[in-house]
Amino acid sequence: MQNKFLLLGIALLSLTACKTTSLQVANVQTQKNISINKELKDDEGFAKFIEPYTLKLNKEMNQKISYTNVDLTKEGDNSNLGNLLADYTFDGADVWVKANLNKNVDAALINIGGIRTTIGKGDILLKNVFEVMPFENEVIIVKMKGSDVQGLFDYYAKTQVNNPVSHLYIETNNGQLTKTLINGKVVNPTQDYYIATSDYLALGGDNMKFFSKGESIPTGIKLRDLFIDYFKKNTEINPKEDIRLNFIGKK
């Protein structure tokens, strides 16, 4: 609690400093410095007040929602956790698009940096998903012309980054594109494609400027909520080990 009172005092001082009226400082005396460290005692009354909420939260966060026979990691160009979450993004977005746009999602793309940690072999707890995806990112559908999807492929060729994809295949050789597919087919330049991603990437995050050429459609679905739902639907996780990003000669 002492820290809260200190922060409140700083905030009040900041508000006062924002005023334009003239202030005069008089009789300033140096007082004893108080070090903020572990020696400061916790407020027992406050701790007792929040205890039932803490117990309830811990119980909820420690509930088992799925199980994995293997470690789910984010390492490599086709990580099993990356592929899994990209597929969950695709599947959840596809349900929404079918219901709201009467269309199909063609591909999904998320960023590896948004996956903050890994999930070890064994029970998957609710808190594990919060640790993997601590952000409040929303699923966005970007409607793009096939001719503009080339920017997506060029991005991967240039960066050689392992941002997970679903229903996409991108192959390069020494940084040059050699094969690009959506749903196993060559892109039709005149066709409209619906790509599921996060609001962060749709707005140009990670320098994905190619999304700006499309039309962004919000879904109102949080990525983390979607992941939790799909972990709960799959009592045992068996991630796919297929190659989606094939960077031949990558340095």
Report task. Might you work out the accessible area of T235 for me, using a 1.4 Å probe with all protein chains in place, and round it to the nearest 10 Å²? Result -> 100
Report task. Report the label-to-label distance for I248 and R116 in nanometres (one decimal), using points 7 Å from each Cα along the Cα→Cβ vector. Result -> 3.9
Query raised in the report: How compact and how long is region 177-236, expressed as Rg and Dmax of its alpha-carbon atoms in Å?
Result: 15.0, 41
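Tell me, what is the per residue accessible area of region 117-240 in Å², probe radius 1.4 Å?
Working: 5950 Å² over 124 residues.
Here the residues of region 117-240 average 48 Å² of exposed surface.
Relative contact order of region 59-248, please, whole-number percent, based on alpha carbon pairs below 8 angstrom and at least 6 residues apart.
Details: 393 pairs, mean separation 65.3, N = 190.
Relative contact order, region 59-248: 34 percent.
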Query raised in the report: How big is the Kirkwood radius of region 111-157, worked out from every pair of different alpha carbons and given in Å to one decimal?
Result: 13.6
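With Rg and the Kirkwood Rh both taken from Cα atoms, where does Rg over Rh land for region 144-223? Mind showing how you got there, number by number?
Numbers: Rg = 12.5 Å, Rh = 13.3 Å.
Reported Rg/Rh (Cα atoms, Kirkwood Rh): 0.94.
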Report task. May I ask for the Kirkwood hydrodynamic radius of region 59-248, worked out over all distinct Cα pairs and given in angstroms to one decimal? Result -> 16.8
Query raised in the report: What is the magnitude of the charge dipole of region 92-228 about its Cα centre, with +1 placed on the Cβ of each Lys and Arg, -1 on the Cβ of each Asp and Glu, and no other charges, expressed in debye to the nearest 20?
Result: 160
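List the pairs from K127/K179; K98/K213; K185/K213; K98/K240 whose alpha-carbon separation is above 28 Å, in the order I gave them. If you can, show how the numbers build up before the last one.
Numbers: K127/K179 39 Å; K98/K213 23 Å; K185/K213 22 Å; K98/K240 24 Å.
Flagged as over cut-off: K127/K179.
Step by step: find N for region 95-196, compute 2.2 N^0.38 Å, then divide the Cα radius of gyration by it. What's the final number?
Details: Rg = 15.9 Å, N = 102, 2.2 N^0.38 = 12.8 Å.
Taking the Cα Rg and dividing by 2.2 N^0.38 Å, one obtains 1.25.
The values are calculated or read from the model by the stated rules, or taken from the named source; none is laboratory data. Every value quoted in this text rests on a predicted model; they were computed, and no experiment measured them. Glycine also receives a Cβ, built like all others from the backbone with ideal geometry; neighbour counts cover every protein chain displayed. Keep in mind that these areas ignore ligands, DNA and RNA; they rest on the heavy atoms of the full protein, side chains included. Shrake-Rupley method; radii C 1.70, N 1.55, O 1.52, S 1.80 Å.
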